[in-house]
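The values are calculated or read from the model by the stated rules, or taken from the named source; none is laboratory data. As the structure is a computational prediction, the values presented were derived from the model and not from experiment. Every residue, glycine among them, receives a Cβ derived from its backbone with ideal geometry; neighbour counts consider all protein chains shown.
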Amino acid sequence: MSDNAAYDVDLLVIGAGSGGVRCARIAAGHGARVAIVEARHWGGTCVNLGCVPKKLMVQASEYPDYVADSHGFGWDTQPGRHDWKTLIAAKDREIERLNGIYVSMLEKSGVRLITGFARFEDAHTVVTEPTPLSPDAKPERITAARIVVATGSTPTKLDIEGADLAITSDEVFHLVEMPRRVCIVGSGYIGVEFAGIFAGLGAEVDLVYRQPLPLRGFDEDLRSALHMAIDQRGVRQHVKASPTSIRRNGDAFVVTLDSGVEIEADCVMLATGRHPKTNGLALEKAGVRLDDGGRVAVDAASQTSTPDIYAIGDVTNRINLTPVAIAEGHILADYLFAGHEREWAFDTTPKAVFFTPPLASVGLTEDEATERGPADIYVSSFRPMRHTLSGRESRTLMKLVVDQASQKVVGAHMLGEDAPELMQGLAIAVTAGLRKADFDRTIGIHPTSGEEFVTMRSRTRVAGA
Ligand code: NDP
């Protein structure tokens, strides 16, 4: 245990993203003297270059569907013209408002805010320097009894010729013009979500990925349903394909695939994963070890190889989702300054991908469940009520994975309108370990899509027997 009085602060948090901010605020609430350093944006990736602006853009992209769907209900609504600059300006205003909220939340908690780029001098000392985004920031040297690294992650660019011509999710939120033709590489969260956004806003979209189906790691039935939904959205899918080069062609770009196919686009976006952001931190001066994947290695208590240094969020590359980083930050602050360990059910972390229609999951996929034993599988696929009149070819898929021996619902999966909203509630049921019989005795809400989850009476199949 360090002698805290010898240091400027009890806790220094590096990085004011979701995890860092939560950790700093909770620690300050427990009476610790806390400072937080941020080099770029208060609120981090989620607020500035991730979840929040992404969701606003998803919402923007859905309006043409509402117009088209309204005709079946008797409206003669005509599609209007979309103004990209208006959307970006409105989004920027909202982000600025949120930045202000983050700053005031931290200040009200008694946390000291430091703008600048942090670099370790030793295990208890950090110096901060101005950055291009904050050239006027005053350099500081600060000593801390404990330090939390919460620097997040940054997009990975493929190592191919012309990769520097492509944008990533760091730039997509500030494009000056809406591209008319977009080629997106990668079918993880970001690739799928932006394929949906640009298609909805009226762009021609090519989605290139190396798997036979998008979203590796998700339930196979959900992946197949998503593949069909992406087709229905008019996105051209290039499966089992990888780009080999990107070159300029006048104002446009040409992406060449390993099959030899060439795709011309006004914008190429690489959505090929993210890696932990540790560059420039000089972690080695503090003895903090990175693992082979470049992430800060931590134990279950988020402690690094150096006893008084901890790491949370994407920089540790565990479950890279905002609510998880927040939970990790909260747990750590409680553990360090309140002496108790808060429990969170990371095993049943729900996930959502905001395509249109969106998809969401909690718990085990069918394949994961059957690795543990036989599973009862319940699947329902139907046309949502709205589209019986709108005429839109859009189907909803719902699936429950039930451990046969215990009859516990160990996985729930859905693709369809409001899937993320519904899945939040189902995540409680799966986390609580409820059985299929508990779902069966729950009364539905009629008429909704959600009631299907409590009325799936007939097992579709047994898996893994
Ligand atoms: P993902 O890891 O989700 O997906 C990366 C994609 O890039 C995959 O399709 C992957 O293919 C492909 N890829 C990786 N390397 C190569 C390569 N060398 N050649 C060709 N293809 C490649 O990363 P994202 O960038 O989409 O998102 C990063 C993270 O951000 C997510 O993992 C998630 O944690 C978070 N996020 C969460 C969101 C949400 O909660 N809604 C939204 C956006 C981001 P393959 O599958 O074959 O490996």
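Taking region 23-56 as the range and being within 16 Å of the ligand (Cβ to nearest atom), in a helix (DSSP H, G or I) and not aliphatic (A, V, I, L, M) as the test, the residues that pass are Gly44, Thr45, Cys46, Asn48, Cys51, Pro53, Lys54, Lys55. Considering region 288-319, and only residues there that are within 16 Å of the ligand (Cβ to nearest atom) and on the phi > 0 side of the Ramachandran plot, the residue that is surrounded by the fewest Cβ atoms within 10 Å (Cβ to Cβ) turns out to be Gly294. Just one residue in the set Gly74, Gly50 is modelled with pLDDT of 95 or more and on the phi > 0 side of the Ramachandran plot; that residue is Gly74.
Restricting attention to region 206-241, the residues that are more than 24 Å from Ala369 (Cα to Cα) and either surrounded by 16 or more Cβ atoms within 10 Å (Cβ to Cβ) or more than 13 Å from the ligand (Cβ to nearest atom) (or both) total 17.
With a requirement of 1 or more residues that are over 29 Å from the mean Cα position of the chain (by Cα) and of a type in the set (A, V, I, L, M, F, W, C), the helices (runs of 4 or more DSSP H) lying completely within region 378-460 that satisfy it span 385-390, 436-440. Scanning region 257-279 for residues that are in contact (Cβ under 8 Å) with a residue 12 or more places away in the chain, more than 13 Å from the ligand (Cβ to nearest atom), closer than 15 Å to Gly162 by Cα and not β-branched (Val, Ile, Thr) turns up Glu264, Ala265, Asp266, Cys267. Among the residues of region 112-125, those that are within 27 Å of the chain's Cα centre (by Cα) and farther than 14 Å from Val149 by Cα comprise Leu113, Ile114, Thr115, Gly116. Among the residues of region 320-347, which ones are surrounded by 18 or more Cβ atoms within 10 Å (Cβ to Cβ) and more than 16 Å from the ligand (Cβ to nearest atom)? Gly329, His330, Ile331, Leu332, Ala333, Asp334, Leu336, Phe337 - these are the residues of region 320-347 that are surrounded by 18 or more Cβ atoms within 10 Å (Cβ to Cβ) and more than 16 Å from the ligand (Cβ to nearest atom).
Yes/no matrix, rows are residues, columns are (1) of a type outside the set (Val, Ile, Thr); (2) over 17 Å from the mean Cα position of the chain (by Cα); (3) over 19 Å from Asp92 (Cβ atoms); (4) more than 9 Å from the ligand (Cβ to nearest atom):
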site	(1), (2), (3), (4)
Asp159	yes, yes, yes, no
Gly162	yes, yes, yes, yes
Leu165	yes, yes, yes, yes
Phe173	yes, no, no, yes
Val176	no, yes, no, yes
Arg181	yes, yes, yes, yes
Ser187	yes, no, yes, no
Ile190	no, no, yes, no
